[in-house]
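Only one structure is covered here, and it is reproduced in the block below.
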Amino acid sequence: MLLVGQIGTVLLSLRLLGSFRLSNHLDQEITLRRRKVRALLAYLATQPNEQHARETLMGLLWSDRDAQHARQSLNNALMHIRKVGAEHGVALLTSNRETVSLVNGAIDTDIIAFQNLRTEQPEQAAALYTGPFLNGLSIPDETFDEWLLSTRAALHNAACGVLRDAAEAAAREGDLETAIAMLSRALECDPLLEDVHRRLMQLHHQSGNRTAALRQYEICADILLRELQIK
C-alpha cells in the first residue's frame with residue numbers, strides 16, 4: 001500500500017483490516033505501544049476529511065477522566081502521533097484549540113482503499129479484507145467500544161458483499177475456481193450465510209465436482225443445526 005506524502009515520496013501506510021499495523025515505505029512496522037494512541041490514529045484515519053472536536057475525542061477514549069486530565073491525555077497522544085510523522089518526514093495532523101484532523105493524503109489506509117474499490121473492483125477490495133476491523137484492539141471505554149463494534153460490523157457486512165460480487169464476476173468470466181475461493185472466504189467471515197452455501201453447491205456442481213457439492217450441503221446443514229437449532 002502506498003502513500004504520497006508532502007515531499008512527494010512514499011512514506012506511511014496503515015492497516016486497519018485485521019490487526020493494526022503502521023509501516024514505513026520499506027514496509028517496516030512502526031510500533032505504537034500505547035493502545036489509545038493506536039485507537040486515536042485509527043479513528044482519525046477512518047474519517048480523514050473530517051474535523052473532529054477535541055471534546056468528542058476526549059469522550060471517545062478518556063471518558064473516565066475529568067476534563068483537565070482527559071485533555072492532557074489527548075494532547076499527549078496527539079504529540080506522539082506528530083512525533084511519529086516527523087520521524088518519517090510527514091505532518092500527520094492539523095489542529096487548533098477546538099478540532100483535530102488527519103492531514104488529507106498524509107497516510108495511506110487500507111480501509112479507505114477498500115471503500116473506494118468495493119463497487120467497481122470487488123476482487124481487489126476483497127484482497128484488502130484480511131480480517132475484522134482492528135482485530136485484537138480493545139479499549140476499556142464504552143463509547144469507543146460502541147464505535148468499534150458498529151464499524152467492525154459494517155465492514156464485515158461490506159466484505160461479505162464484496163466477496164459475493166467478486167465471486168459472481170469471476171463466475172461470469174468462467175473462472176469457477178476463483179468464484180469458489182471467494183465464496184469460501186465469505187463463509188470464513190460468516191458461516192451462517194445460507195445463500196452463499198447454496199451458491200457454492202451450484203458452482204461445485206457446475207465445475208463437475210459433485211462430491212464437493214454434497215459436502216457443502218452437509219456443512220451447511222450441520223452449521224444451521226448447531227448454530228440456529230433448525231431441524
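The values are calculated or read from the model by the stated rules, or taken from the named source; none is laboratory data. Because the structure is a prediction, the values reported are computed rather than measured. Cβ placement follows ideal geometry from the backbone for every residue including glycine, while neighbour counts extend to all protein chains displayed. To get the accessible areas, we keep the full protein, side chains included, count just its heavy atoms, and leave off ligands, DNA and RNA. Shrake-Rupley method; radii C 1.70, N 1.55, O 1.52, S 1.80 Å.
Yes/no matrix, rows are residues, columns are (1) over 18 Å from the mean Cα position of the chain (by Cα); (2) of a type in the set (K, R); (3) open to solvent by 30 Å² or more (accessible area, probe 1.4 Å); (4) at pLDDT 95 or above:
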site	(1), (2), (3), (4)
V37	no, no, no, yes
E50	yes, no, yes, no
R54	yes, yes, no, yes
M58	yes, no, no, yes
D66	yes, no, yes, no
M79	yes, no, yes, yes
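Can you find, within the range 23-78, the residue that is nearest to N116 (Cα to Cα) among those that are in contact with a strand residue (DSSP E or B) (Cβ under 7 Å, 6 or more places away or on another chain) and of a type in the set (G, A, S)?
That would be A45.
Quick one: would you say D27 is under 22 Å from the mean Cα position of the chain (by Cα), open to solvent by less than 40 Å² (accessible area, probe 1.4 Å) and more than 28 Å from E142 (Cβ to Cβ)?
Spelling it out, it is not the case that D27 is under 22 Å from the mean Cα position of the chain (by Cα), open to solvent by less than 40 Å² (accessible area, probe 1.4 Å) and more than 28 Å from E142 (Cβ to Cβ).
When the range 116-126 is examined, which residues are found to be assigned to a helix (DSSP H, G or I) and surrounded by fewer than 19 Cβ atoms within 10 Å (Cβ to Cβ)?
Matches in the range 116-126: N116, L117, E123, Q124.
Which one of R38, R65, R21 is touching a residue at least 12 places away in the same chain (Cβ under 8 Å) and among the charged types (D, E, K, R)?
R38
Among residues belonging to the range 127-159 that are closer than 14 Å to L16 by Cβ and hydroxyl-bearing (S, T, Y), point out the one that is surrounded by the most Cβ atoms within 10 Å (Cβ to Cβ).
Y129
Look at R82 and say whether it is touching a Leu at 6+ places or on another chain (Cβ under 6 Å), more than 27 Å from A158 (Cα to Cα) and among the basic types (K, R).
Judged against the criteria, R82 is a match.
Among the listed residues A181, A171, A166, identify the single one that is under 21 Å from A127 (Cα atoms) and in contact with an Asp or Glu (Cβ under 8 Å, 6 or more places away or on another chain).
A166
Return the residues of the range 167-213 that are open to solvent by 30 Å² or more (accessible area, probe 1.4 Å), outside any helix (DSSP H, G or I) and among the aliphatic types (A, V, I, L, M); say none if nothing qualifies.
Matches in the range 167-213: L192 only.
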